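Q: Before I ask anything, let me first share the structure, which is written out below as structure tokens.
The values are calculated or read from the model by the stated rules, or taken from the named source; none is laboratory data. Remember, predicted model here, so these are calculated numbers, not experimental data. We place every Cβ from the backbone using ideal geometry, glycine too, and count neighbours over all the protein chains shown.
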Number of protein chains: 2
Amino acid sequence: MNDSNRASIKLTDLGKQIVESILADRFPVLEIPDRNTSNIVYNAKQNRFVLGDSTNIRDSSNINHIRSFTQLTWVASFAKQLLAASRTSSLRDLYYSSEAFDVVFKDQAESDRIVTDLECVTGLPRESFGIFPDEHSSIYGELVMRYTVPGYDGREIDLTISPDGLPIGPALMTAEPIRTDAEIVLAVESGGMFSRLIETKAWQRFKAVLIQLGGQPPRATRSLIRTLNERLDLPVYLFTDGDPWGMHIARVIMSGSANSAHIENLTTPGAVWIGVTPKDIVSYSLPTEKMNNADLKRLDELSRDVRYSDHEWQKHIEEFRKLREKAEQQAFSRYGMDFVVDTYLSDKII
Amino acid sequence: MNDSNRASIKLTDLGKQIVESILADRFPVLEIPDRNTSNIVYNAKQNRFVLGDSTNIRDSSNINHIRSFTQLTWVASFAKQLLAASRTSSLRDLYYSSEAFDVVFKDQAESDRIVTDLECVTGLPRESFGIFPDEHSSIYGELVMRYTVPGYDGREIDLTISPDGLPIGPALMTAEPIRTDAEIVLAVESGGMFSRLIETKAWQRFKAVLIQLGGQPPRATRSLIRTLNERLDLPVYLFTDGDPWGMHIARVIMSGSANSAHIENLTTPGAVWIGVTPKDIVSYSLPTEKMNNADLKRLDELSRDVRYSDHEWQKHIEEFRKLREKAEQQAFSRYGMDFVVDTYLSDKII
């Protein structure tokens, strides 16, 4: 059963539950997992954030609950229509679409929150209902995927078809990996590094599927990384800027974020952060910038973050603190254009 | 002769000029078109900004000029190496690469400025030297392009291959348009609208090549829009948000920006801004937001901008000012998901 069938069944169940209450002369009541920080716990075994057992009741007989109850049922029915028509919608479009139904959201932040409620109720990510954010990452490499979207269903695409890479949009995100000649996934933070690794044929040399993260990547990208890791058994290497923000991009891909604690199948616990580590900055004598207050504050926060409790991560934080310097992944260019591939990545990817 | 051959010849000429001076025991001197606002003039006939006749001298015997003279010759030699190796570089990478040669730039803003100097000296855009920014737009439609980049040279790509669209990166930007079944180019501001027009098959209905601008688009995108307009004779329609920023995205595609007054072949004077116009906001009763101070200030600036001197544009500004409201292109979703295609675009694209 594919994702959208599963999503459709979950929505039908939700609808039935509401209708049956009404037919039995009871006000419908929904039980929603509690997303407050007090109920977000780090599961050391799964190596990721999960929701605890606490739940909230949304009771349509309670006047304080009616607004959000109505909003949630509307979002569910909107999602059902999307699935029935094999269509997608951006979060922004969903917000504006509500006006057609006289359902009122104060702003997009409110409708985004209700979409998250629907994820919690159904246990499925919004992407399986065809609801996506605007931004996306890119991918390139010797990997064949098979589309499942209408008009392209069953068509295969070789991810080396475009030397500029392919966007990880709704179609590619829901495509099935079919076969690959690659042996690893190498995800990099910047578009510049992504282009360089394509044109220097680093993807051939390291037998790598390349992914451009573009900062903290959308969930579709995190989900695809996990899929390639699990289904094709490809080890995952993460190459980011050498600063607290870059390190945290890697950590979220591995261990998830509190915001998506209610979603499964997003994390890749076995992924490896190859750098730029604070140690790399020193041993490769990279050109650096001084850390600013925001960087140092971020290090303090991360040092208290449960995802960084392991000795290895605490050590990275300690070293960044002593160094008080940061370096971008582009900084290797000081040794010429090929250094990052010929030396750094060759040192790091064994 | 293709772009990179032309660029290579220009760089060789520049090098020869410098070497010949030295061999004749003269300090080399470069004459660079002046980019100060006083020398940027609006050419009403060409319908775009151009540089006037004023030039600056960069004299290597003048101690105040040595720094920028050296930086410029280094950027020229870096560009020559890129061309020789058929490689590309991001602006950021170029900045870091300078360290390998002990050429000092204070920051990337300084190296970006010197790249612009090289554009002025040679009269060619940095893209023809293989130097690109990080960001990009996307494209989708019944159009076949032929790549010219190494490893893909001569390979054709059908721009309907990926239902998520294709990025307009270094490879696609330098590709040749071969054939098309489309009759127009329809460029839209947001990624959400781009996805919607793909999945509703609006590209078939309007026989359109779709381009996602993503805000003020990179020059590669403006250049590709012009190419499709000129070489394939496709009329260009621009669909942006209904606010001063969206309107200005359209105006820059038509008439260029002061920042790129020194570059030819970027503008598409005959492109049409279909909206969202202030009139559309009223006649389609779109959901709006109040304009903030930044919006109103922007309208004041635009009302004095030479690109808006035509009656038609002054009228748009006047109407926005009276309305004091703005609307996103997504706002049509209030009438359901298909309204924007079935009604609005059908009204506007004749």
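Q: Which one of the conditions (1) at the interface with chain B (Cβ under 7 Å from one of its Cβ atoms); (2) at pLDDT below 90 does A:Ile157 fail to meet, given that it meets all the rest?
A: Failed condition: (2).
Q: Can you tell me which residue is nearest to B:Arg219 (Cα to Cα) among those in region B:161-202 that are at the interface with another protein chain (Cβ under 7 Å from one of its Cβ atoms) and part of a loop (DSSP other than H, G, I, E, B)?
A: If we take residues in region B:161-202 being at the interface with another protein chain (Cβ under 7 Å from one of its Cβ atoms) and part of a loop (DSSP other than H, G, I, E, B), then B:Gly169 is nearest to B:Arg219 (Cα to Cα).
Q: With the structure loaded, tell me whether A:Ser38 is closer than 25 Å to A:Ser260 by Cα and crowded, with 17+ Cβ neighbours inside 10 Å or whether it fails that test. Spell out the reasoning first.
A: Details: closer than 25 Å to A:Ser260 by Cα: yes; crowded, with 17+ Cβ neighbours inside 10 Å: no.
Judged against the criteria, A:Ser38 is not a match.
Q: Do you know which residues across region B:58-117 are assigned to a loop (DSSP other than H, G, I, E, B) and more than 13 Å from every other protein chain (Cβ to nearest Cβ)? Before the answer, list the steps.
A: Filtering region B:58-117 down to residues assigned to a loop (DSSP other than H, G, I, E, B) leaves B:60-65, B:85-88, B:102-107.
B:Ser60, B:Ser61, B:Asn62, B:Ile63, B:Asn64, B:His65, listed by residue number.
Q: Restricting to region B:85-96, name every residue that is free of Cβ contacts under 8 Å to residues at least 12 places away in the same chain and hydrophobic (A, V, I, L, M, F, W, C).
A: Step one: list which residues in region B:85-96 are free of Cβ contacts under 8 Å to residues at least 12 places away in the same chain, which gives B:85, B:93, B:96.
Result: B:Ala85, single match.
Q: Please determine whether any residue of region A:41-61 is under 20 Å from the mean Cα position of the chain (by Cα) and among the hydroxyl-bearing types (Ser, Thr, Tyr).
A: Within region A:41-61, one or more residues are under 20 Å from the mean Cα position of the chain (by Cα) and among the hydroxyl-bearing types (Ser, Thr, Tyr).
Q: Give the residue, chosen from B:Ser137, B:Ser128, B:Ser111, that is over 15 Å from B:Ser223 (Cβ atoms) and of a type in the set (S, T, N, Q).
A: On the way: B:Ser137 fails: over 15 Å from B:Ser223 (Cβ atoms); B:Ser128 fails: over 15 Å from B:Ser223 (Cβ atoms).
Sole residue among the options that is over 15 Å from B:Ser223 (Cβ atoms) and of a type in the set (S, T, N, Q): B:Ser111.
Q: Can you find a residue that is at pLDDT 95 or above, away from chain A (no Cβ under 11 Å) and not in a strand (DSSP E or B) anywhere in region B:139-148?
A: Yes, because at least one residue in region B:139-148 is at pLDDT 95 or above, away from chain A (no Cβ under 11 Å) and not in a strand (DSSP E or B).
Q: Considering only region B:133-154, I want to know if a residue exists there that is of a type in the set (A, V, I, L, M), under 16 Å from the mean Cα position of the chain (by Cα) and farther than 30 Å from B:Arg334 by Cβ.
A: Narrowing region B:133-154 to residues of a type in the set (A, V, I, L, M): B:139, B:143-145, B:149.
After this cut, where a residue has to be under 16 Å from the mean Cα position of the chain (by Cα) as well, the list is B:139.
Next cut, farther than 30 Å from B:Arg334 by Cβ only: none.
Looking through region B:133-154, none of the residues is of a type in the set (A, V, I, L, M), under 16 Å from the mean Cα position of the chain (by Cα) and farther than 30 Å from B:Arg334 by Cβ.
Q: Of the numbered conditions (1) under 20 Å from the mean Cα position of the chain (by Cα); (2) of a type outside the set (A, V, I, L, M); (3) modelled with pLDDT of 90 or more, B:Gly130 satisfies every one except a single condition; which is it?
A: All conditions pass for B:Gly130, except number (3).
Q: When only residues in region A:309-334 that are within 14 Å of another protein chain (Cβ to nearest Cβ) and not in a strand (DSSP E or B) count, which is surrounded by the fewest Cβ atoms within 10 Å (Cβ to Cβ)?
A: Filtering first and then ranking leaves A:Arg334.
Q: Is at least one residue of region B:66-84 loosely packed, with under 12 Cβ neighbours inside 10 Å and either outside the structural domain of B:Gly151 (by TED's automatic domain parsing) or closer than 24 Å to B:Ser260 by Cα (or both)?
A: Taking region B:66-84 as the starting set, the residues that turn out to be loosely packed, with under 12 Cβ neighbours inside 10 Å are B:84.
Right, trim to either outside the structural domain of B:Gly151 (by TED's automatic domain parsing) or closer than 24 Å to B:Ser260 by Cα (or both) and you get B:84.
Within region B:66-84, one or more residues are loosely packed, with under 12 Cβ neighbours inside 10 Å and either outside the structural domain of B:Gly151 (by TED's automatic domain parsing) or closer than 24 Å to B:Ser260 by Cα (or both).
Q: When you check B:Glu127 against the structure, is it without any contact (Cβ under 8 Å) to a residue 60 or more places away in the chain, more than 10 Å from chain A (Cβ to nearest Cβ) and either buried (at least 18 other Cβ atoms within 10 Å of the Cβ) or in contact with a Lys or Arg (Cβ under 6 Å, 6 or more places away or on another chain) (or both), yes or no? Spell out how you get there, then give the answer.
A: Details: without any contact (Cβ under 8 Å) to a residue 60 or more places away in the chain: no; more than 10 Å from chain A (Cβ to nearest Cβ): yes; either buried (at least 18 other Cβ atoms within 10 Å of the Cβ) or in contact with a Lys or Arg (Cβ under 6 Å, 6 or more places away or on another chain) (or both): yes.
When the stated conditions are applied, B:Glu127 does not pass them.
Q: Another one. Residues B:Ala271, B:Ala294: which one is among the small types (Gly, Ala, Ser) and either surrounded by 15 or more Cβ atoms within 10 Å (Cβ to Cβ) or under 20 Å from B:Ile184 (Cα atoms) (or both)? Talk me through it step by step, then tell me what you get.
A: Values: B:Ala294 fails: either surrounded by 15 or more Cβ atoms within 10 Å (Cβ to Cβ) or under 20 Å from B:Ile184 (Cα atoms) (or both).
Being among the small types (Gly, Ala, Ser) and either surrounded by 15 or more Cβ atoms within 10 Å (Cβ to Cβ) or under 20 Å from B:Ile184 (Cα atoms) (or both) holds for just one of B:Ala271, B:Ala294, which is B:Ala271.
Q: Tell me, please, whether a residue that is in a strand (DSSP E or B) and over 22 Å from the mean Cα position of the chain (by Cα) can be found in region B:272-294. Explain how you work it out, then say what you get.
A: First, pick out the residues of region B:272-294 that are in a strand (DSSP E or B): B:272-275, B:289-290.
Subset that is over 22 Å from the mean Cα position of the chain (by Cα): B:289-290.
Yes, the conditions are met somewhere in region B:272-294.
Q: Which one is modelled with the lowest pLDDT, of the residues in region B:15-40 that are part of a helix (DSSP H, G or I) and under 26 Å from the mean Cα position of the chain (by Cα)? Can you show your working first?
A: Restricting attention to region B:15-40, the residues satisfying the condition of being part of a helix (DSSP H, G or I) are B:15-23, B:37-39.
If we keep only those that are under 26 Å from the mean Cα position of the chain (by Cα) too, we end up with B:37-39.
Details: B:Thr37: 78, B:Ser38: 83, B:Asn39: 85.
So, considering only residues that are part of a helix (DSSP H, G or I) and under 26 Å from the mean Cα position of the chain (by Cα), the one modelled with the lowest pLDDT is B:Thr37.
Q: Output the residue which, of all residues in region B:295-308 that are of a type in the set (Asp, Glu) and in a helix (DSSP H, G or I), is farthest from B:Arg324 (Cα to Cα). If you could, list the steps in order and put the result at the bottom.
A: Restricting attention to region B:295-308, the residues satisfying the condition of being of a type in the set (Asp, Glu) are B:295, B:300-301, B:305.
Then keep just the ones that are in a helix (DSSP H, G or I); that gives B:295, B:300-301.
Working: B:Asp295: 9, B:Asp300: 13, B:Glu301: 15 Å.
Top of the filtered list is B:Glu301.
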